[in-house]
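Working notes, structure below.
Where a number appears in this text, it was derived from the coordinates with a stated rule and is not lab data. From a predicted model like this one, the values you see are computed outputs, not experimental measurements. Cβ: placed from backbone, ideal geometry, glycine included. Neighbour counts: every protein chain shown.
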Amino acid sequence: MTATTYIQGSTGEKGGVAVYGVHIYGNLYGCDEELLSNEVFLLQLVRDAADVANATVISAFYHKFGSSGGVSAVAIVAESHISIHTWPEHGYATVDVYTCGEHTKPMAAFEFIVKKLRASRYDVHVSDRSMYKEES
């Protein structure tokens, strides 16, 4: 499996952190097409990814687009959200893992999803979603 990572940093790191957030998102290619169309599997996957991220699931749901279409699976977590959107006919999925709190591990959850969907390659973006306090 090959990976490309893009990192987008913060511009305002002054005076300490008021809100700590990290958003990991990316594209997965060459995934197992059967898994990408299996809504039960994908719903469990976002729940399991939340556990890997050390996040607390509040709600989880999915929508399947037709009998042979893609699936969107989402876990709303106390710390934000985890989502997977799939295009089985292309072996393609997009994944978002956005968590707040220093106790969370969003990259571990993203990598867990990549492995479970058997992606042959992926790209990943890391964005700092923190809010920094101004110095007084």
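Tabulated data
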{"read-out": "Residue order, fewest to most beta carbons within 10 Å, for Val124, Val46", "value": "Val124, Val46"}
{"read-out": "Fewest-first sequence of Ser120, Ser72 by Cβ atoms within 10 Å of each Cβ", "value": "Ser120, Ser72"}
{"read-out": "Integer Hz, Karplus 6.51/-1.76/1.60 couplings in order for the range 86-96, x for Gly and Pro", "value": "10, 10, x, 4, 10, x, 10, 9, 10, 9, 10"}
{"read-out": "Exposure proxy ranking, count of Cβ atoms within 10 Å, fewest first, for Cys100, Cys31", "value": "Cys100, Cys31"}
{"read-out": "Karplus-derived 3J(HN,Hα), 6.51/-1.76/1.60, for each residue of the range 112-123, Hz, glycine and proline x", "value": "4, 5, 4, 5, 5, 8, 6, 5, 7, 7, 7, 10"}
